[in-house]
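Quick notes on the structure that follows.
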Amino acid sequence: MPRRLHPPTLTQWGCQHDWQVRHTTRLPSPWPAKHRNDRCRQCSLAMVTEERPAVLWEERALVELVNTLLPLGQPVYLRDQGITTLPLSGLNALLKKQGFYIYAAKVRDAKRLVACTDKASRIERFGLFELRTISQDT
């Protein structure tokens with residue numbers, strides 16, 4: 001049975017609305033998004049809102065952000081740019097879908113090391129990072 005929508009009454013149009021959240025439903029997606037059902041405590045007007053992040057969370061946008069930090073094929077010391085920690089395993093999992101990965105190499109200079117987390121949330125320290133395409137190694 002289709003859902004029937006009722007237009008607001010004159011009383012509801014003039015109400016100052018004291019919204020109460022009835023329930024929230026998370027949408028099945030990898031990025032945070034929700035449907036929230038609200039009802040006014042005074043006039044009983046019901047409303048459904050959708051919440052999404054203000055920033056576009058497309059995987060292609062992630063590649064562009066990483067590419068501004070790590071130009072393709074050029075090794076970079078991320079510690080020199082102020083980065084002290086990096087979720088390397090998680091980033092590589094997302095970049096892999098777009099055909100890229102971040103290659104990390106160890107360096108001797110302790111002042112240039114960045115703490116990177118792996119799949120098991122263990123920390124390993126690397127110093128030199130390079131954005132590469134997956135086809136580069138094959």
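Only the coordinates and a few stated rules stand behind these numbers; no lab work does. Note that the structure is a prediction, hence the values are computed from the model and not measured. Methodologically, a virtual Cβ is constructed for each residue, glycine included, from the backbone with ideal geometry; neighbour enumeration extends over all protein chains shown.
Grab the DSSP H runs of the chain that are 4 residues or longer, score each as -39,500 (n - 2.57), total them, divide by all residues and round the 222 nm result to the nearest 500 deg cm²/dmol.
-5000 deg cm²/dmol
Which trypsin sites (Lys or Arg not before Pro) from segment 104-138 combine a DSSP loop assignment with at most 15 other Cβ atoms within 10 Å?
106, 108, 119, 122
Considering only the other residues whose Cβ falls under 13 Å of the Cβ of residue 33, what net charge follows from Lys and Arg at +1 and Asp and Glu at -1?
Within the 13 Å Cβ shell, the charges total +2.
Would you please give the FRET efficiency between residue 97 and residue 37, computed as 1/(1 + (r/R0)^6) with r the Cβ-Cβ distance and R0 = 41 Å, to the nearest 0.05?
The computed FRET efficiency comes out at 0.75.
Round to the nearest 0.05 the FRET efficiency obtained for residue 48 and residue 80 when R0 = 41 Å and r is the Cβ-Cβ distance.
After rounding, the FRET efficiency stands at 0.25.
Report the net charge of residues surrounding residue 88, where surrounding means a beta-carbon distance below 15 angstrom and charges are Lys +1, Arg +1, Asp -1, Glu -1.
Within the 15 Å Cβ shell, the charges total +4.
Can you tell me what share of the DSSP beta bridges in the chain is antiparallel? A percent to the nearest 5 is fine.
Among the beta bridges of the chain, antiparallel pairing accounts for roughly 90 percent.
Between residue 115 and residue 67, 0.36 nm times their residue separation minus their Cα-Cα distance comes to what?
Fully extending the segment from residue 115 to residue 67 adds 15.3 nm.
With unit charges on the beta carbons (Lys and Arg positive, Asp and Glu negative) and the dipole taken about the Cα centre of the chain, which residue among 17, 81, 134 sits farthest to the positive side?
The Cα lying farthest towards the positive end belongs to 17.
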